[in-house]
1. Could you tell me the distance between the Cα centroids of the stretch 95-109 and the stretch 131-185, to the nearest Å?
2. Provide the gained length on full extension for the span L169 to A186, in nm with one decimal, where the gain is 0.36 nm per separating residue minus the Cα-Cα distance.
3. Dividing the alpha-carbon radius of gyration of the chain by 2.2 N^0.38 Å (N being the number of residues), what value is obtained?
4. Give the residue from T54, W91, V131 lying farthest towards the positive end of the charge dipole for the chain; charges sit on Cβ (+1 for Lys and Arg, -1 for Asp and Glu) and the dipole is referred to the Cα centre.
5. Could you tell me how many cubic angstrom of Cα convex hull volume the stretch 8-100 has per residue?
6. Order 97-104, 19-26, 136-143 from most to least packed using the mean count of other Cβ atoms within 10 Å.
7. Starting from the Cα of K184, draw a straight line to each of the aspartates and glutamates and keep only those under 19 Å, dropping any in the same chain fewer than 8 residues away.
8. Around L74, with a cut-off of 12 angstrom between Cβ atoms, what is the net charge of the other residues, counting Lys and Arg +1 and Asp and Glu -1?
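The values are calculated or read from the model by the stated rules, or taken from the named source; none is laboratory data. Note that the structure is a prediction, hence the values are computed from the model and not measured. Glycine gets a Cβ as well: all are built from the backbone with ideal geometry, and neighbour counts include every protein chain shown. To get the accessible areas, we keep the full protein, side chains included, count just its heavy atoms, and leave off ligands, DNA and RNA. Shrake-Rupley method; radii C 1.70, N 1.55, O 1.52, S 1.80 Å.
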Amino acid sequence: MTGKTDQKTSDRERPLMEATIRIIGRKGLDGVTHRAVAAEADMSVGAVTHHFGTRDALVDAALDYALAREVGRLRALALSLQSKAFDVETWIESLVSWYSRELKTQAEIHIACYEAFLAASRSPAHRPIVVEWFETWRQSAELALRAAGSSDPPGHASLFVSALIGILLQQLAAPRRGFQKEAKAALSELVGRLIAKK
């Protein structure tokens, strides 16, 4: 799905996708108009409407683009963390450090992804890429939890991912200075409790 979405996005459409994602991150879906995207991308309104005749088509394409790109980035992160999966504390610390940087520098991208999750609850069209997003994370967490001695790596990985998503959403909605320390402590405690239940 990720590759297909990337192939569908032409070089001319990519700046429009990026601009739309930034607007969604700052103003939500209601902030997306052809005129707003044109101004953000420094293009003419005609150029936007040429590629995306309706606002809904523009929003749908941007949400799919955001999720597909994020799946690719998550896969790259998961690969980079594989060598640390056998030391779960190091794995969690690296994971939280990555997200701490991300939420400071690219919050708009992550907000747009949460908007896409909500869109998937209303439209089946977005669900396959959302499922792929969750599955990418679940597989990475399962590897780490299996190495830690989990008695139910798939089930425990699902719980870990749900907790991580909630922690990230909370930070986006109400940023805390101690996010990195608090998130690491919470996820480490969760893993400790899951592993203890053998």
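1. Using only Cα atoms, the two centres lie 14 Å from each other.
2. Gain on extension, L169 to A186, equals 4.7 nm.
3. Taking the Cα Rg and dividing by 2.2 N^0.38 Å, one obtains 1.11.
4. Going by the Cα projections, it comes out as W91.
5. So the per-residue Cα hull volume is 106 Å³.
6. By packing density, highest mean first, the sequence is 19-26, 136-143, 97-104.
7. Of all the aspartates and glutamates, those that pass the test against K184 - Cα under 19 Å, at least 8 places apart if same chain - are D87, E89, E93, E102, E142.
8. That sum, taken over residues with Cβ under 12 Å, equals 0.
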